[in-house]
Every structure is written in structure tokens, then in C-alpha cells.
1. Looking only at segment 421-441, which residues have a backbone nitrogen under 16 Å from a spot 7 Å from the Cα of Lys353 in the C-beta direction?
2. Once the piece of chain linking Ser414 and Glu102 is laid out straight, how much longer is it, given 0.36 nm per residue of separation minus the C-alpha distance between them?
3. Hey, with R₀ at 51 Å, roughly what FRET efficiency would Leu388 and Ser4 work out to, going by the Cβ-Cβ distance, to 0.05?
4. So, in Å, what gap is there between the alpha-carbon centers of segment 106-124 and segment 180-208?
5. Using R₀ = 22 Å, calculate the FRET efficiency as 1/(1 + (r/R₀)^6) where r is the Cβ-Cβ separation of Glu147 and Asp379; round to 0.05.
6. Starting from 0.36 nm per residue, how many nanometres of slack lie between Arg211 and Asn227 once their C-alpha separation is accounted for?
7. What pairs from Lys349/Lys390; Lys213/Lys313; Lys353/Lys416; Lys318/Lys354; Lys363/Lys416 go past 30 Å between their alpha carbons?
8. Can you find, among Leu284, Leu206, Asn189, the residue sitting farthest towards the positive end of the charge dipole of segment 186-285, where Lys and Arg contribute +1 and Asp and Glu -1 at Cβ?
Amino acid sequence: MFQSRVRSIAKASSAFAGGAVILSFFTATYYRPIPSTNTSRQLHLEREEKDGRNDNNSSKNTNTNTNTRQSIHAAKNSVVATSISTAEASAPSRKNASFCSERSPYFSREDTPLLLSIAQHISIGATTLAIRLFMNTYGEYHIEDDEHYQHFITLVLGGDGRNTNSVNNDCSNDTKKKVTKAPLITISNHRSLFDDPGVVSCLLPLWIGIRPKYNRWGICSQEYCFNDALPSFIKGYIGAGQVLPIQRGAGIDQSLFRDFAALVARGEWCHIFPEAGVWQWKSLGGRGRQHLAEEEASNVNHDVWKSKSSKLKYGIGKLIAHAPITPRVVPFAHVGMENLLPQDLVTRKTFLKKDFWRGDPLKVHIRFGAEIVFGDLIDEYEAKHGELWKFSSEASSASASANATSSHFESSPSEKELYMKITARVEEHLEEVANITVAQI
């Protein structure tokens, strides 16, 4: 009799757990992130085509002077600028999607529906465990366990002053007392399409890494992670893994980027690849340097070549400048993932490594750098141009805060200058860490 009751309880518990899992993924699908329309994506493809023609012309003409290269760079920026207004006009509409909540899926931790919270635990937990299993069987990864890495762990757990009850004078009276957590932003180089989750899922000790509240929010190009060809439940699983879509080529004023900025303002940990693309060069980045691809492919050392143009996109500067509390920014660099998904240095197409099963095991090395501060740059800007507007920590998404921030979120020329200064400092620190990491391999 006792054993029969135990079996009945076990069956009921299994059925309940299975039902909860199924319902949680229905909920994740219902609250899935919605990508933007394809209008500005078409503009992006046209821009890539134009970039390709410009880069081919510049590579053929080895005597091209600096002024000509700057003109090409200005032309590219002009095309990007024209795509911004279109991206805003084609903001994603949750009303037109089937089986989709009209509410924003980016709830605060306290307001997250129970079933969506279960889906987040399953998505993040299962992905983290699978990645750890893969990284520890197919190869190995090593994190430099120094003071910078320990500082990063402390910040993730809310220490070193990140959790605070101090009043924030940069916000309105309604939000001053509610901002209690400084955002954490990590930045890194982008060596392969598998860096997140391949590397990011290995950063934290396992007992921390499987818990959503300690995990990062990330962005993924919508043509990869939120493609129309993907089933909705796959997008729900990815979204439950705390990943948002971003529209490549739509600029820093697009509504999808505003969603990400809202999470930064709320005090979440957000990770970004400021190179905004995979670059497997010896040095950091490659943007604006495609004319050197053939030299790199021929093993010509171009490390001595220096460019005045930034190797990073300046969206990272916008995230930092307008957060209600200046984020804690920590860089890290990694090397080794390019051996799993190598990239043709000329065409930039990615392919799976040859001899996947019989080849050399994957070895990934990760190193953290010192925290980067930007107070002096922000103070300098505000002394000259007045106080920066700050994104509301109460805003949960672009749709929830469009009326409050639409007039501000479109960046002014002076603000873009600040973004570029912030990005230059990020580049300096990230490149230093990246060079050390690469040199040790």
C-alpha cells in the first residue's frame, strides 16, 4: 500500500513538473522578443554591398591617400544615418504577431510571471550546463583568476557598492529613491558566432551561472537569433535566455537598442560586443580596415598600422552616457573560439573547423581587465553642454517609454562626440587586455 502511494505521488509529481515545463515554454513563446521589420534590414544589405565595393576599390588602389579613405568612411556613415529614421518607423509590433502578448517581455525581476521565470531558469540552466559539458569534453577553457576576475564576480553578486540605497540626483523626483542598483556592463572582443553562449556561459562559477538573476542580458543580430524562419518557441527559448534582438545597420537610435538601454538603466548586467561583428584579426577589430584583409590573409604583419578611425561601434558610449547611474564597466578578452568557427579573412564568411572530431581540442583563454571609469568625460561634457538626459530606470521597454524618451533618445551631434570619447577609452582598455591575452597563447 505504501509503495503504491509513493508511486502515485511520484507519477503526479512528474506530471506536474512536466506540465509546468510545457506551460513555461508556452509562456516564453507568448512573451518572446519580436524583431523589427525587414525595411531597414534591406537598407543594411544595400549598405553592406556599398561597403564591399568601397573596400574592394581601396584594396586595389594601394596609393589611396588618407583624404580618400576618410571620404569613403563619411559616405558609409551617411548611409547608416539614413537608415535610423526608417528603423524607428518600422519598430516591432507585438499586436501583429500571432500568440504574442502586447505587454513588454522585459519585466523587472519582481514582476516576472512565475511561468516565465521557470522558463528562464530552464533556458539559462540547460544552456549553461550544455556549454560547460561541451567546453570540458571537446576542449578546455581557462580564466585568469586574478584580482580583476574576482572584482567582476563581486560586482555580479552586487558587491563593491553596486547595490546601494543612495539617492540618485540625475533622475526626476519620482525615480530618485527607486534607483538602487548600478548597472554592470561587460565588454569583450568578438572572435566567433559562438562567443555567446560559448564563452559567456563559462564566466561565472556554476552555482551562480545557472541562476537568471545573476546572468547577463545580451543582444543578438535578429537575422541569426530571431529570424522569421525560426519557430516561435525557439525565439521564446532564446528570449528566456535573456537575449534581445538588435537590427544590424539600423543605428544607435533604433527602438530595439532602446529596449537594451532600458535594461541597463534598471541596473541589470548587460554584455555587449562593441566590435559589432566577428573579427578574427591579430589586433582588436577590423572595422574600416578591410583593405588590409588580403595582407592579413597572407600573414603580413600589420600590427604596426594604426588608424584614427575607431575599431568599435559607439553604441557602448550611448549606453554608458545616459544610464541613471553610471555603469560599472569591466572588459575581458578571450582567444581560441576562432579555432572552432574560423572565418575567411577576406570574405568574412564563417565555417565549421575542419576535422571537427579528429582535430586538435578546443582551447579557450579568458582574461579580465581593470574596471573602466568615465566620470571625467561625463563631467567635461556636462560642464560644456549642460546636464545629460538620463534613461528612466522605471522604463521596461521602448514601447513603455516611447513618449518619455523619443525626443531624447535620438542623439545630438554633441552627444555623439561624447559617445566617441567614451568608446575610445573602452577601446584603449579592451585592446590592452586583448593584446595580453593573444600574446600568452
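The values are calculated or read from the model by the stated rules, or taken from the named source; none is laboratory data. Computed from a predicted structure; not experimentally measured. Because the Cβ atoms are built from the backbone with ideal geometry, glycine has one as well, and the counts that use them run over all protein chains shown. These accessible areas exclude ligands, DNA and RNA; they are computed on the full protein's heavy atoms, side chains included. Shrake-Rupley method; radii C 1.70, N 1.55, O 1.52, S 1.80 Å.
1. Counting backbone N atoms under 16 Å from the label point, the list is 441.
2. Additional length available on full extension: 108.8 nm.
3. So, using R0 = 51 Å, E works out to roughly 0.15.
4. When both Cα centres are located, 19 Å separates them.
5. 0.20
6. Between Arg211 and Asn227, full extension yields 3.1 nm more.
7. Lys349/Lys390; Lys353/Lys416; Lys318/Lys354; Lys363/Lys416
8. Leu206
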